[in-house]
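Just below is one structure, and these are the notes that go with it.
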Amino acid sequence: MANGHCRSHGGKSTGPTTAAWRERLRAARTAHGCHGAEGREFRAAVADLLAQGRRLRLIRALRTHATG
């Protein structure tokens, strides 16, 4: 079309243009499951625990190898 928009679906969105619209969009963007802040914190805690376990197993292996 002459205005540069697709006849079928109007073209791409220009995004929120008013402060109220941006606030509504920000409030609506909630992350569920492991995609939010709580999920990231949980995954970081699990990764820390796994790393700690690997360190402890390595230390135990080194001690048993040195004494054994």
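Bear in mind that the values in this text are calculations on the coordinates, not laboratory data. Every value quoted in this text rests on a predicted model; they were computed, and no experiment measured them. So basically every Cβ, Gly included, is an ideal-geometry build from the backbone, and we count neighbours across all protein chains shown.
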*How far apart, in nm, are the 7 Å Cα→Cβ label points at LEU62 and ALA45?*
2.9 nm
*With a point put 7 Å past each Cα toward its Cβ, work out how far HIS35 is from THR18 in nm, to one decimal.*
2.8 nm
